[in-house]
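So the structure is just underneath, and the comments pick up after that.
A short reminder: the numbers here are calculations on the coordinates, not readings from a lab. Treat the numbers as computed from the prediction; the structure is a model and nothing was measured. Positions of Cβ are generated from backbone atoms using ideal geometry, with glycine treated the same way; all protein chains shown enter the neighbour counts.
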Amino acid sequence: RCSKYASGRVALLGDAAHSTGGTLGQGANSALEDAAALADALIDEVEKGSDADYTDALHRYSSVREPEGSALAELVGVRKASDVRRGGVGRIAKSVGRFFLSRIRPNDPKYFSMQTRMSQTTDSFVSILEKERLD
């Protein structure tokens, strides 16, 4: 996990910036989000014409994506810690509870599991982490 994703004229994206180990299945997703954020920052600079400063674009990209990468890395740790802390029965109870809540209110993301929110919503990793901390 990197504390910043860009320095000078170099930017890191995807696993180079935030390897997750694959347990949450978010490696490609977060890499694509990095690429989109970098493209947005670079396009903003191109539109400035002769006043463009691409190192500023890389800095903006880093400041937007680093919190998301940190949250993703922490979510990997949250999942591992909750698996250990709850034990088998606790994990099953939480899963069953969320299953029934998701059937009662199927379109309400606040009842989705962490994995479902990560894979089937556009919620940021930061917002998912905040919710996991409250659970």
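Summary table
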{"item": "Neighbour-count order for 59, 18, fewest beta carbons within 10 angstrom listed first", "result": "59, 18"}
{"item": "Cα-based Kirkwood hydrodynamic radius, the stretch 1-69, one decimal, Å", "result": "12.2"}
